[in-house]
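Student: Structure in structure tokens, see below.
The values are calculated or read from the model by the stated rules, or taken from the named source; none is laboratory data. The structure displayed is predicted, hence computed values, not measured ones. Using ideal geometry, Cβ is built from the backbone for each residue, glycine included, and neighbour counts are taken over all protein chains shown. For the accessible areas, the whole protein counts, side chains as well, though only heavy atoms, and no ligand, DNA or RNA atoms are used. Shrake-Rupley method; radii C 1.70, N 1.55, O 1.52, S 1.80 Å.
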Amino acid sequence: MFWLAGCADPPPLDPQALLREGKLGEALAAYALGGGDVVPPEHPTAQTLGKRAGSEPWITVPVLVDLTQAAALLESAPQTRLQSVDVSFERWGPMADCTTERLQVPWRIAVGRTALAGDPDPLLAGKPFQNVPYARGRIVGTASALRPTYVDAGRSEASALFAGLDVNPPAHRVTVMVTDATGALALNLDRRDGVWWTTSTTDAVAAAEWITRCGSVR
């Protein structure tokens with residue numbers, strides 16, 4: 001019957017189309033309705049990427065959500081009552097598999113660096129996955145396996161992230177957050193004379209054990 005056509009359920013909203021139209025809140029709501037992760041549209045990282053999405057095709061809704069989650073994790077890193085830790089290593093790349101094989105789902109690794117005077121305005125278009133802000137600096141990269149079916153993809157992301165740290169070491173202090181089903185670890189590092197030096201952490205024993213087990217310790 002022709003009148004029944006008007007009673008049919010409307011087609012689901014397209015989160016990506018909404019994002020391109022500048023409707024960030026609606027895009028995130030539609031994404032969550034389709035089973036995607038929820039992030040607050042008012043988060044500054046989401047706001048920045050939402051404004052850039054209209055002109056930067058690499059900013060999809062899943063990417064925006066992923067980077068906003070990484071920003072929130074980095075922003076959760078404590079700034080006080082940290083423990084000193086003094087372990088050094090040369091390269092990140094060989095640490096990737098060793099690190100991810102012991103993480104329990106859901107897990108995420110997020111790497112950020114402190115802001116630099118020469119950093120461009122976060123609202124300016126740039127190279128994909130660069131100049132993405134969080135409250136204390138810029139996001140270097142992230143890797144995650146939030147569901148058991150994502151473990152292989154997460155390990156590949158971690159390998160690429162760690163390899164990138166070797167190819168293009170960030171300037172200034174670097175913060176690494178690792179979280180999984182057992183808890184979270186924050187670690188701050190500096191790079192000096194071609195070597196990574198750990199400086200402070202939320203758990204000195206866990207941080208030293210991780211680096212000595214997985215890293216090429218100096």
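Student: If only Cα atoms are counted, what is the Rg of the chain, and what is its Dmax, in Å?
Tutor: 19.5, 77
Student: Now a separate question. Per DSSP helix of 4 or more residues, -39500 (n - 2.57); summed, then divided by the residues of the chain. What does that give at 222 nm, rounded to the nearest 500?
Tutor: Helices in the chain give a 222 nm mean residue ellipticity of -10000 deg cm²/dmol.
Student: Would you please name the trypsin sites (Lys or Arg not before Pro) within the range 31-108 that are DSSP coil residues with at most 13 other C-beta atoms within 10 Å of their C-beta?
Tutor: ARG81, ARG102
Student: Using a 1.4 Å probe and ignoring any ligands, DNA or RNA, find the accessible area of VAL105 and quote it in Å² to the nearest 10.
Tutor: Counting only protein heavy atoms, the figure is 50 Å².
Student: What whole number of Å gives the distance from the Cα centroid of the range 17-43 to the Cα centroid of the range 82-120?
Tutor: 29
Student: Sticking with this one: For the range 168-211, I need the span (max minus min coordinate) of the C-alpha atoms along each principal axis, in Å, sorted largest to smallest.
Tutor: 34, 18, 13
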